[in-house]
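*Asks:* Sharing a structure with you now.
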Amino acid sequence: MPYGGLQRTGLRGGQTVIINGASGYFGSGAVMLAVAMGAGRVVAVGRKREALERLSDAFGPRVIPAVVTGEDAAKDLATIRHAARGGADVALDLLGAAKSTSTTLSCLRALKRGGRLVLMGSADVPLELSFREMLANDWEVVGQFHVCAHRARPVSRAGGRRPA
């Protein structure tokens with residue numbers, strides 16, 4: 001599942017990627033894949049410090065834990081930006097059945113201008129996006145459902161891709 005999301009982010013070698021929900025099953029897999037795909041820095045965002053530190057120990061110094069609470073958005077944003085050395089190129093959100101979108105928004109706000117956030121998780125509440133922030137920062141927010149982007153569209157009998 002995380003591979004399709006990382007592909008959809010457009011992650012390129014040397015870039016900084018934020019993985020929200022990194023202490024969970026899919027999130028920890030995304031951290032491993034991001035390292036394997038050549039990310040220069042993987043900001044592993046989650047609430048469980050020990051789990052995030054184990055990821056860093058297992059996958060090396062490119063994995064930077066960012067422990068968040070989801071209760072203080074400004075503090076969470078500062079934590080993520082610090083771990084990303086000022087800002088990330090792309091982000092992948094893998095939270096499952098989240099009761100709040102606070103950390104998702106903190107990850108979005110930690111992106112550099114022109115960054116992309118791919119949503120593969122779920123939340124029980126709306127994601128409140130600001131038009132002003134989105135336009136001023138030239139951000140993209142994309143939904144991705146469990147498969148690689150190139151497999152999401154049916155292929156015609158002639159072998160070409162049909163429009164979505």
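*Asks:* Between 103, 69, which is in contact with an Asp or Glu (Cβ under 8 Å, 6 or more places away or on another chain), of a type outside the set (A, V, I, L, M) and more than 20 Å from residue 140 (Cβ to Cβ)? Lay out the reasoning, then the answer.
*Replies:* On the way: 103 fails: more than 20 Å from residue 140 (Cβ to Cβ).
Checking each option against the conditions leaves just 69.
*Asks:* From (1) in contact (Cβ under 8 Å) with a residue 60 or more places away in the chain; (2) more than 18 Å from residue 89 (Cβ to Cβ), pick out the condition that doesn't hold for residue 49.
*Replies:* (1)
*Asks:* Turning to a different aspect of this structure: In the stretch 73-100, how many residues are part of a loop (DSSP other than H, G, I, E, B) and surrounded by fewer than 22 Cβ atoms within 10 Å (Cβ to Cβ)? Full working, then the answer.
*Replies:* Start the filter on the stretch 73-100 by keeping residues that are part of a loop (DSSP other than H, G, I, E, B), which leaves 84-87, 94-97, 99-100.
Those still in the list that are surrounded by fewer than 22 Cβ atoms within 10 Å (Cβ to Cβ) too: 85-87, 96-97, 99-100.
Going through the stretch 73-100 one residue at a time, the tally reaches 7.
*Asks:* Something else now. Being charged (D, E, K, R) and on the phi > 0 side of the Ramachandran plot narrows it down to one residue among 85, 12; which is it?
*Replies:* Values: 12 fails: on the phi > 0 side of the Ramachandran plot.
Going through 85, 12 in turn, just one is charged (D, E, K, R) and on the phi > 0 side of the Ramachandran plot: 85.
*Asks:* Taking the criterion of being of a type in the set (A, V, I, L, M, F, W, C) and either part of a loop (DSSP other than H, G, I, E, B) or more than 16 Å from the chain's Cα centre (by Cα) (or both), would at least one residue in the stretch 101-109 satisfy it?
*Replies:* Taking the stretch 101-109 and keeping what is of a type in the set (A, V, I, L, M, F, W, C), we get 105, 107-108.
Next cut, either part of a loop (DSSP other than H, G, I, E, B) or more than 16 Å from the chain's Cα centre (by Cα) (or both) only: none.
The answer is no, given that none of the residues of the stretch 101-109 is of a type in the set (A, V, I, L, M, F, W, C) and either part of a loop (DSSP other than H, G, I, E, B) or more than 16 Å from the chain's Cα centre (by Cα) (or both).
*Asks:* Keeping to the stretch 119-132, report how many residues are surrounded by fewer than 24 Cβ atoms within 10 Å (Cβ to Cβ) and either in a helix (DSSP H, G or I) or touching a residue at least 40 places away in the same chain (Cβ under 8 Å) (or both).
*Replies:* Residues that pass the stated criteria total 3.
*Asks:* Identify the single condition in (1) buried (at least 19 other Cβ atoms within 10 Å of the Cβ); (2) touching a Pro at 6+ places or on another chain (Cβ under 8 Å) that residue 53 does not satisfy, given that it satisfies every other one.
*Replies:* (1)
Coordinate-derived values only; no laboratory data. All values derive from a computational prediction rather than experimental measurement. With ideal geometry, Cβ positions are generated from the backbone for all residues, glycine too; neighbour counts draw on all protein chains shown.
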